[in-house]
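Following: one structure in structure tokens, then a few remarks.
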Amino acid sequence: MDLDLNILRQDLAGKFIGHPFHYYREIGSTNDEAFRLGLQGAAEGTAIFADSQNTGKGRMQRVWHSPAGVNIYTSVILRPSFDAARAPQISLAAGVAAAEMMDFYFPNQIHLKWPNDILIGGKKVCGILTQMKTSGSGIDFVVVGIGINVNSRYDQFPEDIRDIATSLSIVSGRTMAREELIIHLYENMAKWYRELAKSGFGAIREKWLSLSPMIGHRVSVGFGVETISGKAVGLGEDGSLMLCTAENGIIKVLAGDATILKRG
Ligand code: BTN
């Protein structure tokens with residue numbers, strides 16, 4: 001079903017995130033377009049969303065499969081006056097915003113997996129790709145790209161991810177209005193971004209931890225051919241996953257894909 005742009009125009013008018021917005025029926029990647037607009041000086045809060053992406057980008061150079069008419073593909077331009085080292089906090093704040101939005105419709109079923117995967121029933125329903133243009137040690141702009149599998153059917157996922165990915169409608173058995181979810185998502189993003197700017201990372205870290213089952217469990221984090229295992233013990237101020245390892249004590253992992261090894 002087509003997105004109802006009138007609903008979005010009405011609801012997003014004057015909002016911090018989503019005004020203005022740029023809509024594309026089809027695009028390469030909303031992140032690429034947001035980056036292009038960011039370089040041209042687009043205002044903070046400008047949002048891009050598309051009905052389909054031909055070259056949707058995931059983390060670690062992966063492809064984000066982006067079929068038409070069913071899901072949310074959006075990127076938001078932010079211009080925080082922080083040091084570039086704090087950029088991962090923005091990404092985690094966006095993860096909290098998206099997870100909290102979905103938790104509203106699926107109470108206690110949404111989980112965050114470090115760094116920023118959102119799972120429902122243990123399967124991935126949302127991914128976040130943050131890109132940044134620095135200016136000295138500061139940030140010129142950040143592009144926060146969010147993909148949410150809303151109404152895609154099982155057979156619309158590529159075969160190799162059918163066992164690990166899902167959509168909100170597969171879980172609920174009903175079609176969900178993407179407009180309502182986009183409006184809710186942008187509201188939450190504005191709320192958590194303001195919290196970050198005003199009071200720092202504390203409340204975001206707390207909310208992130210409350211939505212993540214990882215802490216206290218043994219996890220392995222893979223990055224390319226390397227894997228590190230340990231007990232997840234916290235989230236660093238720099239957005240890192242803190243692991244307690246047998247060999248090196250507490251270490252900070254800055255990037256990778258985490259998997260819970262066992263519950264305990
Ligand atoms: C991940 O690998 O988990 C991150 C996926 C991010 C996908 C979104 S869809 C909207 C935006 N545009 C892109 O090309 N990627 C992000």
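The values are calculated or read from the model by the stated rules, or taken from the named source; none is laboratory data. Since the model is a prediction, treat every value here as computed from it, not as a measurement. Because the Cβ atoms are built from the backbone with ideal geometry, glycine has one as well, and the counts that use them run over all protein chains shown. Side chains included, ligands, DNA and RNA excluded: accessible areas come from the protein's heavy atoms. Shrake-Rupley method; radii C 1.70, N 1.55, O 1.52, S 1.80 Å.
For segment 26-52, a tally of residues being assigned to a helix (DSSP H, G or I), open to solvent by 20 Å² or more (accessible area, probe 1.4 Å) and in contact (Cβ under 8 Å) with a residue 60 or more places away in the chain returns 2. Per the listing Y154, Y193, the residue uniquely more than 16 Å from the ligand (Cβ to nearest atom) and under 14 Å from the mean Cα position of the chain (by Cα) is Y193.
Quick check on segment 90-102. Is at least one of its residues open to solvent by 50 Å² or more (accessible area, probe 1.4 Å) and either modelled with pLDDT of 95 or more or over 24 Å from I48 (Cβ atoms) (or both)?
So in segment 90-102, the residues open to solvent by 50 Å² or more (accessible area, probe 1.4 Å) come out as none.
No, because not a single residue in segment 90-102 is open to solvent by 50 Å² or more (accessible area, probe 1.4 Å) and either modelled with pLDDT of 95 or more or over 24 Å from I48 (Cβ atoms) (or both).
Just one of the listed residues (A50, A42) is farther than 28 Å from G222 by Cα and within 8 Å of the ligand (Cβ to nearest atom), and it is A50. Residues in segment 53-86 that are more than 9 Å from the ligand (Cβ to nearest atom) and open to solvent by less than 10 Å² (accessible area, probe 1.4 Å) were compared, and the one that is nearest to S199 (Cα to Cα) is P80. Select from segment 194-210 the residues that are among the aliphatic types (A, V, I, L, M) and farther than 15 Å from I118 by Cα and write down the one among them that is most open to solvent (accessible area, probe 1.4 Å). Across segment 194-210, the extreme among qualifying residues is A197. The requirement of being of a type in the set (G, A, S), within 16 Å of the ligand (Cβ to nearest atom) and surrounded by fewer than 23 Cβ atoms within 10 Å (Cβ to Cβ) is fulfilled nowhere in segment 130-151; no residue meets it. Note on segment 188-232: residues that are in contact with a helix residue (DSSP H, G or I) (Cβ under 7 Å, 6 or more places away or on another chain), aliphatic (A, V, I, L, M), touching a residue at least 60 places away in the same chain (Cβ under 8 Å) and not in a helix (DSSP H, G or I) total 1.
Consider I161 carefully, then state whether it is within 13 Å of the ligand (Cβ to nearest atom), more than 25 Å from I215 (Cβ to Cβ) and either of a type outside the set (A, V, I, L, M) or out of contact with any Cys (no Cβ under 8 Å at 6 or more places or on another chain) (or both). Show your work before the answer.
Working: within 13 Å of the ligand (Cβ to nearest atom): yes; more than 25 Å from I215 (Cβ to Cβ): yes; either of a type outside the set (A, V, I, L, M) or out of contact with any Cys (no Cβ under 8 Å at 6 or more places or on another chain) (or both): yes.
Yes; evaluated as a whole, the condition is true for this residue.
Can you pull out the residues in segment 1-15 that are surrounded by 16 or more Cβ atoms within 10 Å (Cβ to Cβ) and of a type in the set (A, V, I, L, M, F, W, C)? Passing the criteria: L3, L8, L12.
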